[in-house]
Amino acid sequence: MSDTKDGRRRGRPTRCPVDSLRTRVWFHTVSLRTGMSAYALEKCFHPLQVRCVDGKSVRPRLWDRYRDGVMIPKDKPSVDNLIDRVEEHVPFTAWWFRHVLWRVLQPKLLSQEEIDEMLFDFPDDIKAVLFDDLQAQFPKQKPFKQEIVAQLSNFRHLDSLAIAILMVRRSELIGSLELRDLVLSLYYAIQPALMQLNELELCFPDLFSYIDSQYPPWIYPSPSERMRVVVFSEGKFGYKQSYATTGKTLIKKPIDGFALHSGDCDLGK
């Protein structure tokens, strides 16, 4: 396999961790709703590809790869769109694969206009928290303050998490430490509820670790320096009974409740 001009190896494009995460969440949701394993799901949705040869099952193991996040189902308009076919039999599973959160988490840079458009695409009950008058021709966004953080915390779902990440990205565009700290407090506040979602139970440690690494808090060692401090939750949240305690730590101590990993600091002006 030859190298490209910039030194990278030719071949398949690098898989984005976000696509891997959303596929794992989608698979787990489908498996939960159906009670079916990867093998059973493959037999159900790809019956012609599962054969018995010499008493052994021969199959492409597509669903095993979806389960592990090493293969991403194509989601383009077609009669054979797997996400749509599964949705017909197992309703409200496509929502988990197509949620705006996964677009928000992609490493692609977002403009202020793109952020505004995505914020206005949320359901009306959430838009009512973010905007002044939804009936106006051009609704004005409310100042993002603690009252909005408290209201969004009550939704306790992927929508609030997506909004938190969008606002963190806005803080990067405008260089606002105050907004960033406020939005990260929302992120920490909704973590305990997100941990309780059965659909996320196998993936939330990796999801939170990815978010922590991409959108860390800022501190200012001096007026001319800004430090990105990457912090990760202690442990792997291995036991469900510990989630509530861990969540309280995250809310009360968004810095002290984490373990700082050496070498994770990125200085910049």
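The values are calculated or read from the model by the stated rules, or taken from the named source; none is laboratory data. These figures come from a predicted structure and were not determined experimentally. A quick note on method: Cβ atoms are made from the backbone with ideal geometry, for glycine too, and the neighbour counts reach across all protein chains shown.
Checking the conditions here, which among PHE122, PHE131, PHE144, PHE138 is hydrophobic (A, V, I, L, M, F, W, C) and touching an Asp or Glu at 6+ places or on another chain (Cβ under 9 Å)?
PHE122
Among the residues of the stretch 101-123, are any within 19 Å of the chain's Cα centre (by Cα) and over 30 Å from PRO216 (Cβ atoms)?
No; the residues of the stretch 101-123 include none that is within 19 Å of the chain's Cα centre (by Cα) and over 30 Å from PRO216 (Cβ atoms).
Quick one: what pairs do we get from the stretch 62-81, first residue assigned by TED's automatic domain parsing to the domain that holds ARG51 and over 19 Å from CYS203 (Cα atoms), second of a type in the set (Val, Ile, Thr) and crowded, with 17+ Cβ neighbours inside 10 Å, C-beta under 8 Å, 6+ apart or different chains?
Close Cβ pairs (under 8 Å, with a partner that is of a type in the set (Val, Ile, Thr) and crowded, with 17+ Cβ neighbours inside 10 Å) amount to ASP75/ILE83.
Against the condition part of a helix (DSSP H, G or I), of a type in the set (A, V, I, L, M, F, W, C), exposed (fewer than 12 other Cβ atoms within 10 Å of the Cβ) and free of Cβ contacts under 8 Å to residues at least 60 places away in the same chain, how does LEU41 come out, does it pass?
The answer is no for LEU41.
Residues of the stretch 147-161 being within 15 Å of PHE131 (Cβ to Cβ) and of a type outside the set (A, V, I, L, M), which ones?
GLU147, GLN151, ASP159
Mind listing just one residue for me: the one in the stretch 62-74 that is of a type in the set (D, E, K, R) and surrounded by fewer than 16 Cβ atoms within 10 Å (Cβ to Cβ) and, of those, nearest to the chain's Cα centre (by Cα)?
So the residue we want is ASP68.
Would you mind finding the one in VAL86, VAL104, VAL90 that is surrounded by 17 or more Cβ atoms within 10 Å (Cβ to Cβ) and outside the structural domain of HIS46 (by TED's automatic domain parsing)? Spell out how you get there, then give the answer.
Working: VAL86 fails: outside the structural domain of HIS46 (by TED's automatic domain parsing); VAL90 fails: outside the structural domain of HIS46 (by TED's automatic domain parsing).
Among VAL86, VAL104, VAL90, only VAL104 is surrounded by 17 or more Cβ atoms within 10 Å (Cβ to Cβ) and outside the structural domain of HIS46 (by TED's automatic domain parsing).
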